[in-house]
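Let me begin by presenting the structure, written as structure tokens, before commenting on it.
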Amino acid sequence: MLCVAIVLCASDLWGAAIDGYVLNPFTQARIPGIPVAFYVRQDGQILEMLRKETDAEGRFSFAGPFLQSGLLFGLAAFYDDIPYFSSTLEAGAQQQVILEVYEKTDDPSGIRIGTHHLFFALRENAIECIQLLQIHNTRERTYAGRGDGRERQVTELVLPTGIFNLQSHSGLLHQAGEGRFFDNQPLPPGRSQRSFSFNLDARNFASPYVHQVIYPTDRLEVFLDPPSTEIKPPFIDLGIVEQHGRQYRKVAIENLQPSQQVAIPLPFAPSLRWSLKWVALAGAFLAGGVALALSRQHPSTDRARALKRRQHLIEELARLDDSFAGRPEDPHYMDQRAHLMREAVALTQALDV
């Protein structure tokens, strides 16, 4: 959690010291008698070098031979058992540092989600989900949730059963019941960001992904990879976008309220099931080709390409059947399907020669 550090620039290192004070910006009161820690990064690790308490006027000062001009460092003020961190600072680049702290509350009514991003992608037999939340605390107090330390329960999340490989990228996530999770990072006034990821077993995931809304949400944005699905209201189809070198279909829905459930159609869950079905149905004519391949010690390049093309055709048939599941008599569907079937059968016959 980052607290805004207000930096006043200076041209010279101020007496080989880092000076500043701790302030509640809403009351303008300086905070006496609280710990402030000085951190540096060394060998990839964050090390606490010193810790001091603020004086009667809320001021602090750090000095020592380690304070060379240009040293990168960070500060943290610990107020009411909650740490408030500065951004990364540079020795000699500021005259003094103001660390902002706040009173705390366990009332979540000031919490809302500006934008909630969900990324879905198929990775082998797993559905990978990455979520990014832009959280806005509209009150003048830090929302600290319940509990303390590592077991503190702050931002609540409801996730599907059967998830695995859950990883938080902005704090700690712990489970408080079936499908119920909490992030442990307090939320100061203003905007914060949280992110995490998990996997689902695509072979057993048969229904749409259901997103459970906990806090008022201005906008839910969903990114689907592969981007081959028909999007219907209430989603807004924003077309195909590229993120981190991959293409996604981007859809959105706005103004969600607590307890609302949003069913998100995943294009690859039914497609994968259809792929498995087609692999099974194609077993009769695949068996001959596989046996022939195994009987040869050095399959030709042409044969390898044909086998790869046939597998691609089977997957294309699965996706096509899924896309037109509600329109089996569609002429365009029937023509495409007949064309793909003819090519798949011809390839199989050629492989069996």
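What follows is calculated from the coordinates using simple rules that are stated; it is not laboratory data. Everything numeric here is computed off the predicted structure, so don't read it as measured data. Cβ placement follows ideal geometry from the backbone for every residue including glycine, while neighbour counts extend to all protein chains displayed.
Observations on the structure shown:
- Förster radius 30 Å - calculated FRET efficiency between R191 and D80, Cβ distance, rounded to 0.05: 0.90
- Local electrostatic count, T27, Cβ distance below 12 Å [Lys/Arg +1, Asp/Glu -1]: -1
- Placing a label point 7 Å from the Cα of I130 along the Cα-to-Cβ line, the residues of region 173-195 whose backbone N sits under 17 Å from it are 193-195.
- More than 20 Å apart - percent of Cα-Cα pairs taken over region 5-101: 30 percent
- Packing-based order for 84-94, 66-76, using average beta carbon neighbours within 10 Å, highest first: 84-94, 66-76
- Neighbours of S170, meaning other residues whose beta-carbon lies under 12 angstrom from its beta-carbon, give a summed charge of 0 when Lys and Arg score +1 and Asp and Glu score -1.
- Shape of region 150-234, Cα gyration tensor, a/c cut at 1.5: oblate
- Neighbourhood charge, 12 Å Cβ-Cβ cut-off, centred on S192 and excluding it, Lys, Arg +1 and Asp, Glu -1: +2
- Once the C-beta distance of E48 and K232 is scaled by a Förster radius of 56 Å, the resulting FRET efficiency is 0.55 to the nearest 0.05.
- Protection proxy ranking for 159-169, 139-149, using the average of other Cβ atoms within 10 Å per residue and placing the highest first: 139-149, 159-169.
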